[in-house]
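Undergrad: Got a structure for you, written out below as structure tokens; questions coming shortly.
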Amino acid sequence: MSPSQVKWARFRLKLVFSVFLVVWGILIWRVANLQIHERDRLFQIAEGEYQRQVELRPVRGDILDRSGEKLAVSLRLDSIFAEPPQIEDPPAAAARLAKILKMNRRDLLERLTKKSCFVWLKRQVDPDQAEAVRVAGIPGVGMVKEGRRFYPNLTLAAQVLGFVGIDTQGLAGLEVAYENRLRGRTRYRLVERDALGRTFQDRLSQDSSNLKGASLTLTLDRRVQYIAETALDAAVKRHHARAGMAIVVRPSTGEVLALAIAPQFNPNDYGRYPALNRRNIALTNTFDPGSTFKVFLVAAALDEGVVRPDDKVDCENGAMAIGSRLVHDTHPYGLLTVANVVKYSSNIGAVKIGRRLSPERFFDYMNRFGYGEKTGIDLPGESKGLIRPPSRWREIDAANAAFGQGLTVTGLQLVMAMAALANDGVLMRPYLVARVQSPDGRIQYQARPQAVRQAVSPRTAAQLRLMLRSVVEQGGTGTLAEPEGYPAAGKTGTAQKLDPVSHQYSQTKFVSSFVGFLPYDRPELAILVSLDEPRPQYFGGVVAAPVFREIGQKVLPLLNVTPRPAPPVLASPDETSRAARTEARRSHVAGPGIKETLTVSKTGRSGSPLVALGSKSRGAESRWP
């Protein structure tokens, strides 16, 4: 070979070697880049090709009553799904599944032919349908377990418990208020597939026991709730009322033993009922309290020392002019004692007692009893009611407020204010959830009775208890309220409703109530019964008081309260004052001259401890009889 040929051959070898070197360098760089820098991204892409995660809803915790009876539970039911790429004959599969699942065939066919790797066919089917799908063995159709909420007592306490949606999310009541506690943890079903999209391995979470939500134990008593609902529902039907409520609480602790609403609904199938049935009107709806509010006016006047139980009030024979308007009593009265103003429910007497208080002081006592603010109960949707500040009151507004018109309250506010009088003047915070417990038995939360404030002194509360006792005695407006063997105390109320069209008080629509406690001298229960628009009878002492009596008669024996004969009727206001002083001494109330602090630290009548509360005294003790 000539030198030029040798030189050319060497050049070609070097060129080929260089090309191979560059190509191999590129390949090595690419491999290194794929293996190191893009490893995670490519792994996710590959995993997505042969794996799919299906979100499974967690199992909600149970809701129990105070004795451990289940009010809401979650059942493990099958939900049917399909993987469209695996369906060999969609029309045939749709026709077969339509018969089993009782669904529209076209809708099923549309789902089975979707360009998707996963579709739900029907959620939470009954066991018979699940077994039929399993026997059919249609390739590409499978099922997974999901939790479905079930309320075994059907309508019982439905407005308190609330309900959940198809994805087991809380939508109302305790179910939404305690959503984070009840819902548990989300888990996933991992499906592995081959290159043709065929499933060859399913893997479920190894341990699902720790995925269940916490359980709630309520203060609610299933037996008391049933008694209250049964009595209320019968009264609503008997008096053709639009709606009604009955609330039963322990005055010394604030525990809610029953919260009944009528009309009812079944939370297992809540969609079939109108919104009115599902609403907890004891918290959300407000109304004029009517004559029940006279109790708190008199409590304020006694506590401030501007009246005594035996002071005389001229009720002007049943009619009194205020500006261009007239205030009437149901019956014409002349001179009445303050105690009898409460007993006979005189509007004119209440107006005159209200005039001895300044509007500012009366407004202050409204706030002390919890009106105009939320009670703080552990349920959603609570209203504050509407109480205008005294700077906006005219003379007629002050008169209306004295007998419970021109302001609005909720049923829960009203019963808790009455419970404060039964509890030596201490206003308690109502609550429904006694404790929250994790699936492994650990207590996550334990409720304790909580005092809000000292609304009035224990001595004033003792005087009011005796006045309210007279309401259910002969001649009072609430004689139908007393259960046999359990002396009661309370107040009737018949409030006109405001017409939203004319903005005037209706002459035909009323809210009729009775609120009280029993036994009156050692109260175990405070109860409110209220009916919305009863007809043709509408007086609270006629339509609501008998429901109060029925609930008390049936519930107190369950609480092991022994019946006893009713005490003798108090013949005069002087005896009322003497009995109030005796009861105050029995309750170890601080005597006159104690003006710095009042400490309430005792055991409630139901045996539950009451928290200590400090309250400034206004020095009115020295003026009490």
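The values are calculated or read from the model by the stated rules, or taken from the named source; none is laboratory data. A quick note: this is a predicted structure, and the numbers were derived from the prediction, not measured. Positions of Cβ are backbone-derived with ideal geometry, glycine not excepted, and every protein chain shown enters the neighbour counts. Please note that ligands, DNA and RNA were not included when accessible areas were found on the heavy atoms of the full protein model with its side chains. Shrake-Rupley method; radii C 1.70, N 1.55, O 1.52, S 1.80 Å.
Undergrad: Counting just the residues of region 346-374 that are hydroxyl-bearing (Ser, Thr, Tyr), assigned to a loop (DSSP other than H, G, I, E, B) and open to solvent by less than 20 Å² (accessible area, probe 1.4 Å), which one comes out farthest from Asn400 (Cα to Cα)?
TA: Restricting to residues being hydroxyl-bearing (Ser, Thr, Tyr), assigned to a loop (DSSP other than H, G, I, E, B) and open to solvent by less than 20 Å² (accessible area, probe 1.4 Å), the top hit is Tyr371.
Undergrad: What residue, among those in region 143-197 that are open to solvent by 60 Å² or more (accessible area, probe 1.4 Å) and of a type in the set (Lys, Arg), is modelled with the lowest pLDDT?
TA: By that ranking, first place goes to Arg185.
Undergrad: Show the residue pairs that are 6+ apart or on different chains and have beta-carbon atoms under 6 Å apart, the first residue being within region 299-310 and closer than 16 Å to Asp424 by Cα, the second being surrounded by fewer than 24 Cβ atoms within 10 Å (Cβ to Cβ) and of a type in the set (Ser, Thr, Tyr).
TA: Ala300/Tyr365
Undergrad: Something else about it: Which of the residues spanning region 308-346 are under 21 Å from Glu473 (Cβ atoms), of a type in the set (A, V, I, L, M, F, W, C) and in contact with a Leu (Cβ under 9 Å, 6 or more places away or on another chain)?
TA: The answer is Val313, Cys315, Val338, Ala339, Val342.
Undergrad: Filter region 72-100 down to residues that are within 37 Å of the chain's Cα centre (by Cα), surrounded by fewer than 17 Cβ atoms within 10 Å (Cβ to Cβ) and among the aliphatic types (A, V, I, L, M), then give me how many there are.
TA: 1
Undergrad: Also, I was wondering about something else. What pairs can you find where one residue is in region 24-52 and under 23 Å from Glu83 (Cα atoms), the other is open to solvent by 80 Å² or more (accessible area, probe 1.4 Å) and modelled with pLDDT under 75, and their Cβ atoms are less than 9 Å apart, with a gap of 6+ or different chains?
TA: As it stands, the answer is Glu49/Ala195; Tyr50/Ala195, since those pairs meet every condition given.
Undergrad: Within region 384-399, which residues are open to solvent by less than 30 Å² (accessible area, probe 1.4 Å) and part of a loop (DSSP other than H, G, I, E, B)?
TA: Taking region 384-399 and keeping what is open to solvent by less than 30 Å² (accessible area, probe 1.4 Å), we get 385, 387, 390, 396-397, 399.
Selection gives Gly385, Ile387.
Undergrad: Checking Thr460 against (1) assigned to a loop (DSSP other than H, G, I, E, B); (2) surrounded by 24 or more Cβ atoms within 10 Å (Cβ to Cβ); (3) hydroxyl-bearing (Ser, Thr, Tyr), which test does it fail?
TA: (1)
Undergrad: Just need a number here: residues in region 477-501 that are of a type in the set (A, V, I, L, M, F, W, C) and either open to solvent by 50 Å² or more (accessible area, probe 1.4 Å) or at positive phi (or both).
TA: Of the residues in region 477-501, 3 are of a type in the set (A, V, I, L, M, F, W, C) and either open to solvent by 50 Å² or more (accessible area, probe 1.4 Å) or at positive phi (or both).
Undergrad: If I filter region 244-257 for residues that are farther than 19 Å from Arg429 by Cα and either among the aliphatic types (A, V, I, L, M) or surrounded by fewer than 23 Cβ atoms within 10 Å (Cβ to Cβ) (or both), do I get at least one hit?
TA: Yes - at least one qualifying residue is present in region 244-257.
Undergrad: Tell me which residues, restricted to region 124-139, are among the β-branched types (Val, Ile, Thr), surrounded by 14 or more Cβ atoms within 10 Å (Cβ to Cβ) and either under 36 Å from the mean Cα position of the chain (by Cα) or assigned to a helix (DSSP H, G or I) (or both).
TA: If the condition is that a residue be among the β-branched types (Val, Ile, Thr), surrounded by 14 or more Cβ atoms within 10 Å (Cβ to Cβ) and either under 36 Å from the mean Cα position of the chain (by Cα) or assigned to a helix (DSSP H, G or I) (or both), then Val125, Val133 are the ones that fit.
Undergrad: Here's a follow-up. Give the residue, chosen from Gln474, Gln444, Gln504, that is open to solvent by 20 Å² or more (accessible area, probe 1.4 Å) and under 30 Å from Gly184 (Cβ atoms).
TA: The conditions single out Gln444.
Undergrad: Write out, first by first residue and then by second, each pair whose Cβ atoms fall under 7 Å of each other, whose residues are 6+ apart or on separate chains, and whose first residue, in region 360-374, is touching a residue at least 60 places away in the same chain (Cβ under 8 Å) while the second is of a type in the set (Asp, Glu) and not in a loop (DSSP other than H, G, I, E, B).
TA: Arg361/Glu304
Undergrad: Just for strands (runs of 3 or more DSSP E) wholly inside region 466-566: which have at least 2 residues that are free of Cβ contacts under 8 Å to residues at least 40 places away in the same chain?
TA: Output list reads 505-518.
Undergrad: Could you check region 400-433 and list, in sequence order, the residues that are under 25 Å from Val160 (Cα atoms), polar (S, T, N, Q) and open to solvent by 10 Å² or more (accessible area, probe 1.4 Å)?
TA: Thr408 - this is the single residue of region 400-433 that is under 25 Å from Val160 (Cα atoms), polar (S, T, N, Q) and open to solvent by 10 Å² or more (accessible area, probe 1.4 Å).
Undergrad: Another one. Determine, yes or no, whether Asp221 is among the acidic types (Asp, Glu), open to solvent by less than 20 Å² (accessible area, probe 1.4 Å) and at pLDDT 95 or above.
TA: Spelling it out, Asp221 is indeed among the acidic types (Asp, Glu), open to solvent by less than 20 Å² (accessible area, probe 1.4 Å) and at pLDDT 95 or above.
Undergrad: Return yes or no: is Arg279 without any contact (Cβ under 8 Å) to a residue 12 or more places away in the chain, under 30 Å from the mean Cα position of the chain (by Cα) and over 22 Å from Gly406 (Cβ atoms)?
TA: No; evaluated as a whole, the condition is false for this residue.
Undergrad: Restricting attention to region 289-344, which residues are under 22 Å from Phe363 (Cβ atoms), assigned to a loop (DSSP other than H, G, I, E, B) and open to solvent by 20 Å² or more (accessible area, probe 1.4 Å)? Don't jump to the end; show me each part of the working.
TA: So in region 289-344, the residues under 22 Å from Phe363 (Cβ atoms) come out as 289-307, 313, 322-323, 325, 327, 338, 341-342.
Right, trim to assigned to a loop (DSSP other than H, G, I, E, B) and you get 289, 305-307, 323.
Gly305, Val306, Gly323 - these are the residues of region 289-344 that are under 22 Å from Phe363 (Cβ atoms), assigned to a loop (DSSP other than H, G, I, E, B) and open to solvent by 20 Å² or more (accessible area, probe 1.4 Å).
Undergrad: Check whether at least one residue in region 92-103 is in contact with a helix residue (DSSP H, G or I) (Cβ under 7 Å, 6 or more places away or on another chain) and at pLDDT below 85, and report yes or no.
TA: Scanning region 92-103 turns up no residue that is in contact with a helix residue (DSSP H, G or I) (Cβ under 7 Å, 6 or more places away or on another chain) and at pLDDT below 85.
Undergrad: Let me ask something else. When region 34-50 is examined, which residues are found to be open to solvent by less than 100 Å² (accessible area, probe 1.4 Å) and either at pLDDT 75 or above or not in a helix (DSSP H, G or I) (or both)?
TA: Matches in region 34-50: Glu38 only.
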